[in-house]
Amino acid sequence: LGSEGEGVSHLLRQEADFAVALPMDPRVESLNVGVATGALGYLWKRQWPAS
């Protein structure tokens, strides 16, 4: 999760183990970092439910 204008820095992307992207409606310019975190958490939990 990076800044709204620049996103995640190039260095952080190089060091990351993986990257994810949220598909967005073309009418939406960006997501608030809290909303993006919540959406990713929901999708993660749905994909890999607790055992």
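Every number in this text was worked out from the coordinates using simple rules, so none of it is lab data. All figures in this text were calculated on a predicted structure; none of them were measured in a lab. When we count neighbours, we look across all protein chains shown, and the Cβ atoms used for this are built from the backbone with ideal geometry, even at glycine.
Brief remarks follow.
- Test: residue in segment 27-36 that is exposed (fewer than 10 other Cβ atoms within 10 Å of the Cβ) and assigned to a helix (DSSP H, G or I): yes
- Hey, Trp44 surrounded by 11 or more Cβ atoms within 10 Å (Cβ to Cβ) and of a type in the set (Phe, Trp, Tyr) or not: yes
- Test for Arg13: is it charged (D, E, K, R) and in a helix (DSSP H, G or I): yes
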